[in-house]
Amino acid sequence: MRTVVPLIGAAVLLLLAGCTGESGEPDGSAESEGPQGWDQPAEVQIAAPAGFVPVADEERTDLMAPTEVTQIFGLDGDEFANDRLIVTSYLLDEGVDTSTYESQLELVLAYDEARGVGSDLEGYYPTLVHRADGIHRYVEFPVDDGDTERPVVKQSNYYLFSGNRAIQITCQWRYHFEDVSTACSDLTQNFTHAEDW
């Protein structure tokens, strides 16, 4: 094995030497491509999951970035605003590093700190959303509105990154865990990414 490694290394050097132009750089590599920089959030079209309907008169208030497109779904016929499926597509700052799990996690940690849910490493996990790598984060928000039986709103958040784009899928519940959980599983397992993602 000791003699194989140097031979492979020499073969690679010869191959690279054969592919260089007059400048000594490999052809087509004079300028290395950086992270993809878009000027619009990714286009995400989602059909309302079974039992849910689009909610047109609500806005997401805890935004990761100011340039975004949000779709909100609530249970059909439910008057409570705490049980929601929320999908937000963001445009992040150009040049932001989202190339590794660690760099993505830094962005999510800063976001959670800004929205007041803490930013220690508990509750953050690598996840898959329809075969795409992402980050999962579970959070709870205390609600002081007199309902002592259910004084907390709970969220499962899924974050996906590509270049300077991010998608946040939030499954939020207070009164209808089973309905939200079922729809959330369907949404994340069948999520359709933008064609240029």
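The values are calculated or read from the model by the stated rules, or taken from the named source; none is laboratory data. Keep in mind that what you see is a predicted model, and the values were worked out from it rather than measured. Just the protein is used for accessible areas: all its heavy atoms, side chains included, with ligands, DNA and RNA removed. Shrake-Rupley method; radii C 1.70, N 1.55, O 1.52, S 1.80 Å.
Across the range 144-197, what fraction of all alpha-carbon pairs, as a whole percent, falls in each successive 5 Å bin from zero upward?
Final binned percentages: 4, 16, 23, 17, 14, 11, 8, 4, 2, 0.
Which whole number in µm²/s is D for the range 59-197 by Stokes-Einstein, with the Kirkwood Rh taken over Cα pairs at 20 °C and 1.002 mPa s?
Answer, rounded: 136 µm²/s.
Convex hull volume of the Cα atoms in the range 96-169, per residue, in Å³?
102
Using a 1.4 angstrom probe on heavy atoms only, work out the carbon and sulfur share of the accessible area of the range 44-101 in %.
Roughly 49 percent, rounded to a whole number.
Can you tell me the accessible area per residue over the range 66-197, all protein chains present, probe 1.4 angstrom, in square angstrom? Numbers along the way, then the final one.
Working: 6780 Å² over 132 residues.
Value returned for the range 66-197: 51 Å² of accessible area per residue.
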